[in-house]
């Protein structure tokens, strides 16, 4: 079947819905294609808040937010992106409130704000209340509110459609191919503008806060087609994943006064970030936790995790402001945070890198910022680059509304002056072949086995601490896994809801994004933000104050180009907290 | 420990009607039912189809009937179920394959109550003010993850598929009692109609089924009262 819409958005998380909504408000005919139902996207799992210098609790300025974002990103953040962001996120939060988002409130009726890692006042002097929140389900509320508005605007949704191809010809984006899960039918989507807002890929790692469905599909599809992925080496581990599952426990818990302790009961962050302690940025805290464990000061029988202590907080703060994480802890660990500390360990959480874009979400294809006409990206799938080498807590929700809105507005305006491109049934060919090959394969390799090997090896060789040796080993493992991937077969040969086929396709994407990540990490011989090389422990501005663009040349072969970091207001300085 | 997993299977290409299939899986007491379903799918039988996404009770994808009760597979642990576990699709929505049901009727009811803030007054420069008490008034409904556990546990919904169902009414409640909203009467058209709140027989199944501990029946009663008092 064929469909036609001026703007087609891939993904129905916060970024996709914000994009769709603003494109529709610009008057475009908009459709959203999502492999899930919209309210099931992973934005719904974001807990703690959305940072904006509203100044509702105490003095705050967008310049401070911009500074924190740039410093938090270890100066790899593009400062033009950080400036646009810190200004516009204030307006975006107010707009969300006007759309009905149920923020928590202060006694004077204004939106409540709490503290979060890396957010400071007076250029790093002390923590500041900047995260607007709705209990510890802020992402859920943002997702619901944006979806509600999309319903109000009668936006067309193709739910449970799995995108298998982006049609790029003559350097122009022309449409999409997607598999309808209910029927197994391939659909052709013709569009004037396409916006990729399909989220991250935490499922390359064994321990992750990410949903099972976060497999980097669209990043991999574009990468295979010769478009670059930017700064893939920067992958964030969130310090407080519920041990050992990796389910997220919001940084808001530390924002409300929670403290990390090692197996000896020490508040170890005093050693690593004397000024803001447990509210240091995520890369700093995650590394500190690993170091404590490595030096034998871990908690539990295996001494392999640390503890998040909330027991000194008033019970009503925990029950009212952190109800969900309290429940997770009770259900999955049988631990009551009111009475005992919660076992935690860093969990793979957020891709700072992704599809490179301009400030208006236009996808770029080289270091000269040459745009791909008609192709946009926003949210975690994209790399603006707002987050640089390390994203501050709450800036993901801010990113998706600010840059989702910009992508939506630009895409709608672009579509007004653009024509549709001719598409034919032949454009379904590559997707059909790929699917038939998997369905008809008599190979002996199992998707679940390969995926488990990938996730464990990525954890062992390319997570919080890295060395050239480990990364080289992972390069070899990936080559072998990609080779074995060609011999996978599946049991389900049917058409309706062939979720086994979907998982097989997703494994292919996981392998591709892992390849881009590992090669980029091996290539960058310095330590910066979330990319910590033990063989190159120092940040090296001389050689590496630049963005990586990774291009796939062949399986196992990656080429690099570099883009300068946009500097400006803040000169790179040593990063201490 | 060994667990016997009995799953109600249905493949539209092969089966006239659903049938039970039994699997033996090795499980830890702290495993989620979702983990067991994954073990079956990944190690024994790839054709098993079910929905899931977040894996920790936030996205609402994996609502299913587990040992006769609606629950989320990712929030239900083996230790609370015993060694024989039955899994079926939620009831009252057409089964499409195995544990996957057609959600469209559910979302049609959702859309019918106008689940969005209605307020045409020009907004102020900054946020609309709302006291913590006003915010608290509709807090319960904001927890809803649209998993359909409540609606598909409701005997009225089973019998009469046109009933809006508890989830849609909870969504309506969330806006009716929001001090910023002005769309109450517009929503009453659907809520007060023959397929609206008056179908509710106060069976409390919805409240028991809600994985987010929303007092669903209470919220439905509050909506009924609001419609009644609105007439005077």
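Can you tell me which residue is farthest from the other protein chains (Cβ to nearest Cβ) among those in segment A:93-132 that are within 22 Å of residue A:12 (Cβ to Cβ) and in a loop (DSSP other than H, G, I, E, B)? Going through the qualifying residues, I end up with A:101.
So, residue A:377, is that one under 30 Å from residue A:243 (Cβ atoms) and buried (at least 24 other Cβ atoms within 10 Å of the Cβ) or not? When the stated conditions are applied, residue A:377 does not pass them.
Scanning segment A:133-149 for residues that are over 18 Å from the mean Cα position of the chain (by Cα), closer than 14 Å to residue A:400 by Cα and more than 9 Å from chain B (Cβ to nearest Cβ) yields one hit, A:146.
Restricting attention to strands (runs of 3 or more DSSP E) lying wholly within segment A:168-265, give those where 2 or more residues are more than 19 Å from the chain's Cα centre (by Cα) and over 29 Å from residue A:357 (Cα atoms). Explain how you work it out, then say what you get.
Values: elements: A:172-180, A:186-196, A:235-242, A:259-261.
Result: A:259-261.
Considering only segment A:266-376, give the strands (runs of 3 or more DSSP E) lying wholly within it that have at least 2 residues that are under 28 Å from the mean Cα position of the chain (by Cα) and more than 30 Å from residue A:419 (Cα to Cα). Don't jump to the end; show me each part of the working.
Working: elements: A:306-309, A:342-351, A:362-364.
Counting at least 2 such residues, we get A:306-309, A:342-351.
Among residues of segment A:104-113 being surrounded by fewer than 24 Cβ atoms within 10 Å (Cβ to Cβ) and touching a helix residue (DSSP H, G or I) at 6+ places or on another chain (Cβ under 9 Å), the one that is farthest from residue A:31 (Cα to Cα) is A:107.
Which residue is nearest to the other protein chains (Cβ to nearest Cβ), if the candidates are limited to segment B:68-97 and must be under 12 Å from residue B:153 (Cβ atoms) and surrounded by fewer than 19 Cβ atoms within 10 Å (Cβ to Cβ)? Looking at the filtered set, the residue picked out is B:69.
Collect the residues in segment A:25-49 that are closer than 18 Å to residue A:249 by Cβ and within 13 Å of chain B (Cβ to nearest Cβ), keeping them in residue-number order. Give the steps one after another, and end with the answer.
Residues of segment A:25-49 closer than 18 Å to residue A:249 by Cβ: A:42-49.
Answer for segment A:25-49, where residues must be closer than 18 Å to residue A:249 by Cβ and within 13 Å of chain B (Cβ to nearest Cβ): A:42, A:43, A:44, A:45, A:46, A:47.
With a cut-off of at least 1 residues that are facing chain A (nearest Cβ under 10 Å), surrounded by fewer than 20 Cβ atoms within 10 Å (Cβ to Cβ) and at pLDDT 95 or above, name the helices (runs of 4 or more DSSP H) lying wholly within segment B:98-196.
Values: elements: B:104-112, B:132-137, B:139-142, B:155-159, B:166-176, B:184-191.
Those helices (runs of 4 or more DSSP H) span B:104-112, B:132-137, B:139-142.
Among the residues of segment A:169-185, those identified as touching a helix residue (DSSP H, G or I) at 6+ places or on another chain (Cβ under 9 Å) and either buried (at least 21 other Cβ atoms within 10 Å of the Cβ) or without any contact (Cβ under 8 Å) to a residue 60 or more places away in the chain (or both) are A:174, A:175, A:177, A:178, A:179, A:181.
Test residue A:236 against the stated conditions and say whether it is more than 14 Å from every other protein chain (Cβ to nearest Cβ), closer than 28 Å to residue A:318 by Cα and touching a strand residue (DSSP E or B) at 6+ places or on another chain (Cβ under 7 Å). Break it down into steps so the answer makes sense when it comes.
Working: more than 14 Å from every other protein chain (Cβ to nearest Cβ): yes; closer than 28 Å to residue A:318 by Cα: yes; touching a strand residue (DSSP E or B) at 6+ places or on another chain (Cβ under 7 Å): yes.
Here the answer is yes, as residue A:236 does meet what is asked.
Any chance segment A:76-91 includes a residue that's within 13 Å of chain B (Cβ to nearest Cβ), buried (at least 24 other Cβ atoms within 10 Å of the Cβ) and over 27 Å from residue A:539 (Cβ atoms)? No: segment A:76-91 contains no residue that is within 13 Å of chain B (Cβ to nearest Cβ), buried (at least 24 other Cβ atoms within 10 Å of the Cβ) and over 27 Å from residue A:539 (Cβ atoms). What number of residues within segment A:27-77 are without any contact (Cβ under 8 Å) to a residue 12 or more places away in the chain and part of a helix (DSSP H, G or I)? Result for segment A:27-77: 1.
The values are calculated or read from the model by the stated rules, or taken from the named source; none is laboratory data. The shown structure was predicted, so the numbers you read here are calculated from the model rather than taken from an experiment. Please note: Cβ atoms are built from the backbone with ideal geometry, for glycine as well, and neighbour counts cover all protein chains shown.
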